[in-house]
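Working notes for the structure below.
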Amino acid sequence: MQKKERFRAFVEYFSAHQPDAQTELHYSNPYELLVAVILSAQCTDKRINQVTPALFQRFPDPYMLAASTPEEVFQYIRTVSYPNNKAKHLVGMAQKLTTEFNGVVPSTIEELQKMPGVGRKTANVIASVVYHAPAIAVDTHVFRVANRLGLTQNARTPLAVEKQLMQYLPKETLGTAHHWLILHGRYICLARRPKCEVCPITWFCKYYEQGQKKAAKLQVARGVMGDELWVMV
């Protein structure tokens, strides 16, 4: 199957079965989403959703967060991954957000990345989800699933994956496609043991196709070995 055919199959399937795929992070405004995405790096959305209610209650806006200290913020996020660094990033982000952007989360990827703790992935999430910009964020799930499905080829960095997806995906699907890939990677196409036996899209998955070919070759090899052993006996 050619790459364009895989992309078409990917878009058609998920458009029909998950047309309204969204982030699983809980938030009520752009500021809260920005905080949640920063916290979610190398951590599960489930864990983030457990800590953010108390965090948002204590710091309901960036001005209150900016007036805090990393030490205080740490007490609210101590159960997430890398809490010390993330506490520093959150306070630094809030200070930048209030002093340079008047407390309004900026809409461009370039401006977003000026804030501490906001890399390209986080910036793409905010630009896409909040401002519906034609952007696609690449996390570990997106990186893995795009490669396995055959949507990307020889893409060894998140930026390379992003560029290939941007090139072939219809512009209007970019924001939703990000969630399609994440959710599929989170629940079906797992990193260590992908659930190919229940996956509904194996028919256009390059990873599954290659696995089937290897299994067929192994079966043939075993058959040949069996014949040889029979002749020897």
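The dipole here belongs to the range 30-131: it is taken about the Cα centre, uses +1 on the Cβ of Lys and Arg and -1 on the Cβ of Asp and Glu, and is about 340 debye. Size descriptor for the range 136-221, Kirkwood hydrodynamic radius: 13.5 Å (Cα pairs only, one decimal). The C-alpha radius of gyration of the range 110-164, expressed as a fraction of 2.2 N^0.38 Å, stands at 1.17. Here the chain is treated with +1 on each Lys and Arg Cβ and -1 on each Asp and Glu Cβ, and its dipole about the Cα centre works out to around 800 debye. Take each peptide in 102-111, 158-167, 12-21, count the other Cβ atoms within 10 Å of every residue, and average; sorted highest first, the result is 158-167, 102-111, 12-21. Averaged per residue, the range 30-131 has 46 square angstrom of accessible surface, using a 1.4 angstrom probe with ligands and nucleic acids left out.
Separation of the alpha carbons by more than 27 angstrom is noted, of Lys46/Lys88; Lys4/Lys121; Lys88/Lys171, for Lys88/Lys171. Overall, the accessible surface of the chain at a probe of 1.4 angstrom is composed of carbon and sulfur to the extent of 53 percent. Scaled against 2.2 N^0.38 Å for its residue count N, the alpha carbon radius of gyration of the chain is 1.26.
Accessible surface of Thr44, taken over heavy atoms with a 1.4 Å probe and every protein chain present, rounds to 80 Å².
A dipole drawn for the range 30-131 from +1 and -1 charges on Cβ atoms has a positive end, and of Val104, Asn85, Tyr63 the residue lying farthest that way is Asn85. Note on Ala54 and Thr140: with the Förster distance fixed at 30 Å, the Cβ-Cβ geometry gives a FRET efficiency of about 0.65.
Between Glu32, Glu197, Glu72, the Gaussian network model of the chain with springs among Cα atoms under 10 angstrom shows the greatest mean-square fluctuation at Glu197. Mean sequence separation of contacting Cα pairs (under 8 Å, at least six apart), scaled by the length of the chain, corresponds to a relative contact order of 18 percent.
Each residue of the range 30-131 gets 81 Å³ once the volume of the Cα convex hull is shared out per residue.
The values are calculated or read from the model by the stated rules, or taken from the named source; none is laboratory data. The model shown is predicted, which means the values in this text are computed figures rather than measured ones. Here Cβ is always computed from backbone atoms with ideal geometry, including for glycine, and neighbour counts include all displayed protein chains. Protein only, heavy atoms only, side chains kept; ligands, DNA and RNA dropped before computing areas. Shrake-Rupley method; radii C 1.70, N 1.55, O 1.52, S 1.80 Å.
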